[in-house]
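Structure, as C-alpha cells:
The values are calculated or read from the model by the stated rules, or taken from the named source; none is laboratory data. Bear in mind the structure is a predicted one, so any value in this text is a computation, not a measurement. Ideal geometry is used to build each Cβ from the backbone, glycine not excepted, and the neighbour counts take in all protein chains shown. These accessible areas exclude ligands, DNA and RNA; they are computed on the full protein's heavy atoms, side chains included. Shrake-Rupley method; radii C 1.70, N 1.55, O 1.52, S 1.80 Å.
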Amino acid sequence: LTGLPNRLSLMNRLRQQIAQPAPGCLLFCDLDDFKRINDNFGHSQGDAILCQLAQRITSAIGHHCFFARLAGDEFILLLPGYSLKQAHDVAEVIRLAMAAPFEIDGHQLFINASVGISLFPSDALSAEQLLRNADSALFKAKSAGREGYALYTEELTAHAQYRIEVASDLRRA
C-alpha cells in the first residue's frame, strides 16, 4: 500500500542489524487516534493518509535509515549507528513532518504520531525483544499525552508484566 518494506522485510533487516557489532536505535511510530479517521472517512481514505504519511517521512528523513510499515498505522525506523541524541532528532523530524494538515476529500486533517525508542544492543539482543521494548516505550509516550516520544527503560518491562499479572488476578477473582 505505502511502497514501504513490510513486516517480513523489517524483521529480516532487524536480525541482520542486531547481528552486527554496531549500536543503533529503533523508533516505533504509531498514529494517534487513527481509528477515528477510518471510522469517519472510511478505510480507503485512511489508506490515502498512510500513503501521504509514508511519503512525508521518507522525504523528511532521506535514505539514511530503514523505514518500514509494521502493520496498520504502525511504522518502524531502524537507525543503525545512530546515537540516542540522533534518535531524538529523528523523532522531532517526524513530529514536524506530521505538523502540516493531511488532505482528504477537501478536508484538512491534523494527525499526530507518538514514538517509542529502543536502543541496540543495550536494550535487546533479538529483533523481537527490540520491537517489544520500543512498543513499551510507545505506550509510555501515548500515556503521557500523545504526540511525543519516550525512551525504553527496564522499568517499562517490569510495569507491563505487573499490569498483565494484575489483569489476570482480577479475572480470576
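Looking at L8, is it modelled with pLDDT of 95 or more and surrounded by 14 or more Cβ atoms within 10 Å (Cβ to Cβ)? Please lay out each step first, then the result.
Working: modelled with pLDDT of 95 or more: yes; surrounded by 14 or more Cβ atoms within 10 Å (Cβ to Cβ): no.
Considered against the rule, which asks whether it is modelled with pLDDT of 95 or more and surrounded by 14 or more Cβ atoms within 10 Å (Cβ to Cβ), L8 comes out as no.
Which is touching a residue at least 60 places away in the same chain (Cβ under 8 Å) and under 23 Å from S9 (Cβ atoms), of A87, A54?
Sole residue among the options that is touching a residue at least 60 places away in the same chain (Cβ under 8 Å) and under 23 Å from S9 (Cβ atoms): A87.
Hey, D105 hits all of (1) on the phi > 0 side of the Ramachandran plot; (2) surrounded by 13 or more Cβ atoms within 10 Å (Cβ to Cβ); (3) touching a residue at least 60 places away in the same chain (Cβ under 8 Å) but one; which does it fall short on?
Evaluating D105 over (1) on the phi > 0 side of the Ramachandran plot; (2) surrounded by 13 or more Cβ atoms within 10 Å (Cβ to Cβ); (3) touching a residue at least 60 places away in the same chain (Cβ under 8 Å) leaves (2) as the failure.
Could you please tell me which pairs satisfy a Cβ distance under 8 Å, a separation of 6+ or placement on different chains, a first residue in the range 59-74 that is within 16 Å of D89 (Cβ to Cβ), and a second residue that is open to solvent by 30 Å² or more (accessible area, probe 1.4 Å) and in a loop (DSSP other than H, G, I, E, B)?
C65/Y82; F67/L4; F67/P5
Identify, please: which residue in the range 56-84 is at pLDDT below 95 and either β-branched (V, I, T) or assigned to a helix (DSSP H, G or I) (or both) and is, among those, least open to solvent (accessible area, probe 1.4 Å)?
By that ranking, first place goes to I57.
State all residues of the range 69-88 that are farther than 18 Å from Q55 by Cβ and either hydroxyl-bearing (S, T, Y) or in contact with a Pro (Cβ under 9 Å, 6 or more places away or on another chain) (or both); if no residue qualifies, say none.
In the first step, residues of the range 69-88 are kept if they are farther than 18 Å from Q55 by Cβ; the result is 71, 78-88.
Across the range 69-88, the qualifying residues are P80, G81, Y82, S83.
Only one of these is surrounded by fewer than 21 Cβ atoms within 10 Å (Cβ to Cβ), under 15 Å from T2 (Cβ atoms) and polar (S, T, N, Q): S126, S44. Name it. Steps first, answer last, please.
Working: S126 fails: under 15 Å from T2 (Cβ atoms).
Within the list S126, S44, the selection yields S44.
How many of the residues in the range 11-20 are open to solvent by 40 Å² or more (accessible area, probe 1.4 Å) and either part of a helix (DSSP H, G or I) or at pLDDT 95 or above (or both)? Don't jump to the end; show me each part of the working.
We begin by selecting, within the range 11-20, every residue open to solvent by 40 Å² or more (accessible area, probe 1.4 Å); these are 12-13, 15-16, 19-20.
Those still in the list that are either part of a helix (DSSP H, G or I) or at pLDDT 95 or above (or both) too: 12-13, 15-16, 19.
Qualifying residue count for the region: 5.
Out of A91, A144, A137, A97, which single residue is modelled with pLDDT of 85 or more and open to solvent by 60 Å² or more (accessible area, probe 1.4 Å)? Talk me through it step by step, then tell me what you get.
Working: A91 fails: open to solvent by 60 Å² or more (accessible area, probe 1.4 Å); A137 fails: open to solvent by 60 Å² or more (accessible area, probe 1.4 Å); A97 fails: open to solvent by 60 Å² or more (accessible area, probe 1.4 Å).
One residue alone meets the criteria, A144.
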